[in-house]
Amino acid sequence: MHVPGLIPAAQSTLAVWHDLLKRNAMEELDPLLSDRIVFRSPVAHTAYPGREAIKLVLKTVNTVFRDFTYHRMFATEDGKSLVLEFSATIDGKAMKGIDMLRFDDAGKIEEFEVMVRPMSGLHALAEAMGAKLSGQQAVLKGQG
C-alpha cells in the first residue's frame, strides 16, 4: 500500500512490513529495524528496547488478534512518521487502534508505538499478552 508523502525508503519498509504481517514472519523483521528500535506497548508503562523484544511482542500479538485489518494510513509532513489505523478482535472483544511508526533516513523503523481503544479491548489485549509473555521479562527489557 502506497502512502502519499512517505519517504521512498520508508515506503519500501512498509511494503515488506505488510508481507511479514500477513505471514506472521516477525523473525524476519531485523532488516527493517534500526539499531535504536524501541517498542511502546499500550499496556506497559516502560518501552521495550531492541530487536528481540519487538519481534517477540509482534509475533505474539499476531497469535492473539483475530480479524486484524488496516484501514487508513497517514504520513507526517517530513515523510518519516506513519500512522496505521487498524481494527481487530480478542476473545470476542472488538477494538480499534493505531500503530505509529517513526523511520530513520534509511527507512528503518526507529520507534513503533501502539494505542488501543476501548478499555474492554485494551483489557482483553493485556490479559492475552500477559499470559503468553509470562516469563519473557528479560527479552522485553532488552536483556535477552
Subset of the range 78-121, residues outside any strand (DSSP E or B) and either under 16 Å from ALA10 (Cα atoms) or within 15 Å of the chain's Cα centre (by Cα) (or both), comes to ASP78, GLY79, LYS80, ASP104, ASP105, ALA106, GLY107, LYS108
Among residues belonging to the range 27-43 that are surrounded by 15 or more Cβ atoms within 10 Å (Cβ to Cβ) and in a loop (DSSP other than H, G, I, E, B), point out the one that is nearest to the chain's Cα centre (by Cα).
SER41
Answer yes or no: is there a residue in the range 3-26 that is part of a strand (DSSP E or B) and over 18 Å from GLY79 (Cβ atoms).
no
State yes or no: is SER87 out of contact with any His (no Cβ under 6 Å at 6 or more places or on another chain), surrounded by 17 or more Cβ atoms within 10 Å (Cβ to Cβ) and at pLDDT 95 or above?
no
Starting from residues that are over 12 Å from the mean Cα position of the chain (by Cα) and in contact (Cβ under 8 Å) with a residue 40 or more places away in the chain, keep the ones in the range 11-26 and report whichever is surrounded by the fewest Cβ atoms within 10 Å (Cβ to Cβ).
SER12
Looking at the range 1-10, which of its residues are buried (at least 18 other Cβ atoms within 10 Å of the Cβ) and within 15 Å of TYR70 (Cβ to Cβ)?
LEU6
Say whether the condition of being within 21 Å of GLN136 (Cβ to Cβ) and free of Cβ contacts under 8 Å to residues at least 12 places away in the same chain is met by at least one residue in the range 47-66.
yes
Looking only at the range 63-77, which residues are surrounded by 17 or more Cβ atoms within 10 Å (Cβ to Cβ) and not in a strand (DSSP E or B)?
VAL64, PHE65
Report, ordered by the first and then the second residue, all pairs with beta carbons closer than 6 Å, sequence separation of six or more or different chains, a first member in the range 78-106 that is free of Cβ contacts under 8 Å to residues at least 40 places away in the same chain, and a second member that is among the basic types (Lys, Arg) and in a strand (DSSP E or B).
SER81/ARG102; GLU85/ARG72; SER87/LYS96; THR89/ARG66; LYS96/ARG117
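The values are calculated or read from the model by the stated rules, or taken from the named source; none is laboratory data. Quick caveat, the model's predicted, so the values are computed rather than measured. Note that we place each Cβ from the backbone using ideal geometry, even for glycine, and neighbour counts take in every protein chain shown.
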